[in-house]
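Structure, as structure tokens:
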């Protein structure tokens, strides 16, 4: 068993190092946010919460964060409802051409968003819609919908149609079946799609930085503009760390309660 | 198609069709237009001038080859890092497996920007890596990562490693946990088991992950822009620059169409490889 044992421990150490590499940027981001200095230097001379305090007081960032949240919630709402409807149709009715429809709905995952955003920007400006909230929300709904279609297709596929048929046989109306049987059973999938849609939209920078005008600037767009021009404002490290910490908790809950990695 | 099935599909299809697919058609058409002399408005008529400019200018050829080889390098490095990792995750059980999977999801949903922000602090001249290297006396001058090709590749691998891992974990989870131990008992060393048993079985996962990482690297623009400090031009940064700063939309569209063509080629090669694998006798 000698070479096998060696291979196993080598694999274990390799995995550990790979995780360090994968998560190092996020860890450093959080670490740097506690540096008291206004320019990060490793190792920091003093630690403090001053950038967190400044973040809470900054109206500029608060408005960017609320735009991000507003767009993410509206886009997520559209994506989850449309995505769930489409997934239900694909799984339950198996319509002719369903596989093509599913492929079409998945295209935003495969085709490059930067390329698409360049074209959408031109169309929006032709229509006089550029820089408006609906323009931004529609774009975000499109990029998050594939996640909800995919998660809901696997959710409905795991759901036993006999339960719905039983309720119908016992005299429940079709609407009643959906409300009292299908939706409660599909709830873990719906929660997962909503969480994924909101997170993807909230963190998107590629589409937003092209589509968002001067009026609706999301937090990632503000951060990106800043990185390109003035360098790093430590307040953004504090906000970014808070967002990453939130994502970490969400991913743990999502994986342990809802098996996110298998639904994707 | 059943009427109710169609009604349920329609909202999603209309949204995707109009907001997502229509712009690609628009892109294709616009790429054959040109802007009028000294104006942002488009001139009358169609021409292949943008494509001629792309082919004739050596700068764009340079960007093209740089983007291609950087993406290829990021793909190969991701694969090498991910294979043992995916096997480790696949053989883990219960809570450990859940934790390992959740940690892969974190960079995946964090978007492009926040990890890149962390990378700046990791790789910068006064960053964590350089200060550790100096403490150990490995270097006296800061190693330059930012604004260099290796720096951008490091960023691409970190950003897209989860895209390689998920298909690999799915493929490897179907394999019995103790296949290496069994082979060992029968006298086969681990590397033979990998070559003869594990790799052929996960080949579809390897292809899927490679296509995902290659396509994502090819079109990414935040990572090359920020970690490249504007010095490493790629397809993504060039298209973004033409569209949002130079405002030459027809030319940006042509760059985009070329990018799409390369992606289509990549996907075709991937699916061809899958077909060949399926046909080969096991």
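All of the numbers you see were taken from the coordinates with simple rules; none came from a lab. Quick caveat: nothing in here was measured; it's all calculated off a predicted structure. Heads up, the Cβs are rebuilt from the backbone with ideal geometry, glycines too, and the neighbour counts pull from every protein chain shown.
A few comments on the model shown:
- For chain A, the longest principal axis of the C-alpha atoms and the axis of helix A:133-158 are separated by about 60°.
- Shape category assigned to the range B:1-70 from the gyration tensor of Cα positions, a/c cut at 1.5: oblate
- For chain A, the alpha-carbon coordinates run over 71, 70, 33 Å along the three principal axes, in decreasing order.
- Dimensions in Å of the range A:29-96 - Rg and Dmax from alpha carbons: 21.7, 66
- Oblate is the label for the range B:76-279. Its Cα gyration tensor axes, ordered a ≥ b ≥ c, give a/c of at least 1.5 and b/c at or above a/b.
- Convex hull per residue volume in Å³, alpha carbons only, for the range B:73-145: 137 Å³
- With all pairs of different C-alpha atoms in the average, the Kirkwood value for the hydrodynamic radius of the range B:166-225 is 13.3 Å.
- Principal-axis analysis of the Cα atoms of chain B puts helix B:199-219 at an angle of about 30° to the longest axis.
- Ranked by how many other beta carbons lie within 10 Å on average, peptides B:165-172, B:212-219 from highest: B:212-219, B:165-172
- Rough spin-label spacing in nm, given labels placed 7 Å along Cα→Cβ, for residue B:177 and residue B:69: 4.5 nm
- Packing-based exposure ordering (other Cβ within 10 Å, fewest first) of A:160, A:233, B:248: A:160, B:248, A:233
- Shape call, the protein assembly as shown: gyration tensor on alpha carbons, a/c limit 1.5: rounded
- Between A:49, A:16, A:111, the Gaussian network model of chain A with springs among Cα atoms under 10 angstrom shows the greatest mean-square fluctuation at A:16.
- Chain B: angle of helix B:58-91 to the longest principal axis, Cα-based, in degrees nearest 10: 30 degrees
- Binned Cα-Cα distance frequencies in the range A:166-264 - 5 Å width, integer %: 2, 11, 15, 14, 13, 12, 10, 8, 5, 4, 3, 2, 1, 0
- Here the Gaussian network model covers chain A, with springs between Cα atoms less than 10 Å apart; of A:91, A:71, A:221, A:91 fluctuates the most.
- Average beta carbon contacts from partner chains per residue of B:212-222, 10 Å cutoff: 3
- Candidates A:219, A:196, A:39, ranked by Gaussian network fluctuation over chain A, Cα under 10 Å, top entry: A:39
- Cα centroid of the range A:93-125 to Cα centroid of the range A:62-84, whole Å: 19 Å
- Inter-chain Cβ neighbour average for residues B:54-63, partner chain, 10 Å: 0
- Those residues of the range A:139-156 whose amide nitrogen sits under 15 Å from the label point placed on residue A:110, 7 Å along Cα→Cβ: A:146-147, A:150
- Ranked by how many other beta carbons lie within 10 Å on average, peptides A:249-258, B:234-243 from highest: B:234-243, A:249-258
- Peptide A:89-102 has a mean shielding of 4, counted as Cβ atoms of other protein chains within 10 Å of each residue's Cβ.
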